[in-house]
Amino acid sequence: MDIKKIFINVLQNEAKAIMELTDKIDDNVEKAIDLLFQCKGKIVVTGMGKTGIIARKLAGTFASTGTTAIYLHPAEGVHGDLGMVSKGDIALIVSYSGTTDEIVSIIPYFKRLKLKIISLTGNDKSILAQNSDVVLNIGVRKEYEPYGIVPTASTTTALATGNALAVALLEKKSFKPHDFAIYHPGGTIGKKLLLKVKDVMHTGEQNPVISINHILKDAILEMSSKRLGCVSIIDNKKRLVGIITDGDLRRIFQKYKNPLQMEVSKVMTKNPKSISAEMLGVEALNLMEKYSITMLPVADKNNNPYAMLHLHDLIKAGIL
């Protein structure tokens, strides 16, 4: 038994099945998108068995891209869950045969509410297809399915078609990455697009700052008390003029024998990089990576450093 050959054959069959869908694209695709775009309610996605799993995934994809959608289990639907369906909704039904009992049993309810029905099916002569306003053919050749009966390529075409609907709809809605982040505030994508420096920076008593008139010993005490591994140096007008970091301390003690009494102005890194509190966290991270630094003073328009951002803050927030 050549397992690699079997594996490759399955992948090739599914790829062929998807590519063959392109020959079936007709005006029904535009009709489906128009119905979804004009929907005043929500998209009710339903399917049974393995296509039910696909339907659940598609409902999640629509919901995460700005279109209110739910998954309705057809068997649970006829036992009370149809109560979540309202006038103004649109039904998106995924059923390869189009004759599944559980699917057929909920069609009359959709009809009674005058819902528009979009079906993804491999049987355009089925009960489902005959009762649909728009039919999208997801049929595959029998030889693409193991033994001609195991749904593999057919579930792939159902998923691919549903994904194409979702993408076409978000394009029609002019859905942008920032909109996507709004629906994913807890994920890495959302944090990269939404989290700002002001959300994680250290301010007030947590912000390490000393005057340029101080000596290195004072800088070390300030760094130790604030535990951020750095300290901003300000002039008499409270403007940022320098910074001392843990790395600077190591270099200072290697260069000088007794530097503790030295003025910070003599040993600080002058004109350090600073950022705005409104900057996105991911932009601050890119700046840190570019200049190989792990902390950045946060300054206002007058270059007064009123906060500090550390690389660890961004890591803890989930930017990386």
Task: Sole residue being over 20 Å from Ala91 (Cβ atoms), of a type outside the set (A, V, I, L, M, F, W, C) and buried (at least 18 other Cβ atoms within 10 Å of the Cβ), chosen from Thr121, Thr156 - done: Thr156
Open item on the list: Given (1) in contact (Cβ under 8 Å) with a residue 12 or more places away in the chain; (2) surrounded by fewer than 21 Cβ atoms within 10 Å (Cβ to Cβ), identify the lone condition not met by Glu76.
Closed with: (1)
- [ ] From Gly77, Gly60, Gly49, Gly41, grab the single residue that is under 30 Å from Tyr144 (Cα atoms) and in contact with a Ser or Thr (Cβ under 9 Å, 6 or more places away or on another chain).
- [x] Gly49
Task: Filter result for Ser292 (of a type in the set (S, T, N, Q) and touching a residue at least 24 places away in the same chain (Cβ under 8 Å)) - done: no
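Residue by residue, here is whether (1) of a type outside the set (Ser, Thr, Tyr); (2) buried (at least 16 other Cβ atoms within 10 Å of the Cβ) holds:
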site	(1), (2)
Ile252	yes, yes
Lys255	yes, no
Thr269	no, yes
Val282	yes, yes
Met288	yes, yes
Leu296	yes, yes
Asn302	yes, no
Leu314	yes, yes
Task: Residue, surrounded by the fewest Cβ atoms within 10 Å (Cβ to Cβ), within region 44-70, restricted to residues that are of a type in the set (S, T, N, Q) and in contact with a strand residue (DSSP E or B) (Cβ under 9 Å, 6 or more places away or on another chain) - done: Thr68
Open item on the list: Let me spell it out: the conditions are (1) in contact with a Cys (Cβ under 9 Å, 6 or more places away or on another chain); (2) of a type outside the set (D, E, K, R); (3) at pLDDT below 90, and Gly187 meets all of them except one. Which number is the exception?
Closed with: (1)
TODO: Could you please find all residues in region 53-67 being in contact with a helix residue (DSSP H, G or I) (Cβ under 8 Å, 6 or more places away or on another chain) and at pLDDT below 95?
DONE: Thr61, Phe62, Ser64, Thr65, Gly66, Thr67
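The values are calculated or read from the model by the stated rules, or taken from the named source; none is laboratory data. Source: prediction; values computed, not measured. Cβ atoms come from the backbone with ideal geometry, glycine included; neighbour counts cover every protein chain shown.
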